[in-house]
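Read through the structure below, which is laid out as structure tokens, and then see the notes.
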Amino acid sequence: MLGGRDPLAAVDGVSFHVDPGETLAIVGESGSGKSVTALSIMQLLPARVGQITQGSIHLRERELTQLSEEDMRAIRGREIGMIFQEPMTSLNPVHTIGSQIAEVLIEHEEISSTEARDRSIAMLELVGIPSPKRRVDNYPHEMSGGMRQRAMIAMALACNPSLLIADEPTTALDVTIQAQILDLMEELQDRLGMAIIFITHDLGVVAQMAQRVVVMYAGQVVEQGPVHEIFERPCMPYTAGLISSIPRLGSAEKGKRLQTIPGNVPSLSERPDGCRFSTRCSHVSEICNKGVPALEIPSRGHEVRCSRWRDLDLTAKAVS
């Protein structure tokens, strides 16, 4: 990031892949680097505050960091779709929902405005919006939060992308609507065969949606692997802390507080020299301050960034 005198690395030490038809979840507290990672994939980092200085991002055989802005515009929407956290800040308030979906179609496919409108109606129907022929002429403010999010999904999927990035798409919704949106995304994934990168802070959603999970902290991947493996046998104290803090029905004792992780994610200028979680970790020891730990492999497909993972028993119950 370029905000101060010297550039600071908002995200480093991040490496993962997602396969066709798979859902990969990225989890972590606010400030962990989840959204910056998503914007980097889309090449949408604001130039005045951030840029990619090294590393690579591959979509099949193409290296996205080497593409021109014109080439990236051809990929955004057509091959990679993105759903944002708050649709009211992502949808244009002065254009109808239908015209915004049609704009994506006309940009990427050689079709007429009439055909684009018909396909916009079909997309609204696909995502479960009732009376799509009428709703296509609605403005964003004329729809509920759940309807707006469905419209955002319709826009993101209009050109049938191979990868969908969903950046906390249900955070602003109530629990009932959240469940409907998650069910819809799973249904559409089964129907369209797309890969999904699902960014969230809600491990309950991870357990429902994802096959693999990436845990981020202070700009780094600190653990990743199959969801069942991470939930049942976490090797990183931060991951174990996230799992332990999940409220569970029937498990709370009267007057007992829910478990929390003390402290906050350090700012870019205050990250410790060793393990970045060391200032909040109850298992910290001298070795934790001797350089940034490398990713190690406890088991096949499972990676962890912790110098003490072999010494710790962090077994936690999986989310049911």
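The values are calculated or read from the model by the stated rules, or taken from the named source; none is laboratory data. As the structure is a computational prediction, the values presented were derived from the model and not from experiment. Glycine gets a Cβ as well: all are built from the backbone with ideal geometry, and neighbour counts include every protein chain shown.
When Gly193, Gly146 are screened for being farther than 23 Å from Val265 by Cβ, more than 15 Å from the chain's Cα centre (by Cα) and free of Cβ contacts under 8 Å to residues at least 40 places away in the same chain, only Gly146 passes.
Per-residue answers, yes or no, for (1) in the same structural domain as Arg73 (by the TED database); (2) crowded, with 18+ Cβ neighbours inside 10 Å; (3) under 21 Å from Ile196 (Cα atoms):
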position: Phe84; (1), (2), (3): yes, yes, yes
position: Gly98; (1), (2), (3): yes, yes, no
position: Ala102; (1), (2), (3): yes, yes, no
position: Glu107; (1), (2), (3): yes, no, no
position: Ser113; (1), (2), (3): yes, no, no
position: Asp118; (1), (2), (3): yes, no, no
position: Ile121; (1), (2), (3): yes, yes, no
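At pLDDT 90 or above, more than 24 Å from the chain's Cα centre (by Cα) and of a type in the set (A, V, I, L, M) - does that describe any residue in segment 216-233? No: zero hits. When Glu69 is tested against the conditions (1) closer than 21 Å to Phe198 by Cα; (2) loosely packed, with under 13 Cβ neighbours inside 10 Å, the lone failure is (1).
Among residues that are without any contact (Cβ under 8 Å) to a residue 12 or more places away in the chain and surrounded by fewer than 17 Cβ atoms within 10 Å (Cβ to Cβ), Asp137 is not included. Looking only at residues in segment 296-315 that are part of a loop (DSSP other than H, G, I, E, B) and within 15 Å of Ala218 (Cα to Cα), the one that is nearest to the chain's Cα centre (by Cα) is Arg305. Residue under question is Arg48, and the condition is that it be among the charged types (D, E, K, R) and within 24 Å of Phe198 (Cβ to Cβ); does it hold? Taking the combined requirement at face value, the residue does not satisfy it.
Return a yes/no flag: does segment 54-76 have any residue that is of a type in the set (Val, Ile, Thr) and in a loop (DSSP other than H, G, I, E, B). So far as segment 54-76 goes, yes, one or more of its residues are of a type in the set (Val, Ile, Thr) and in a loop (DSSP other than H, G, I, E, B).
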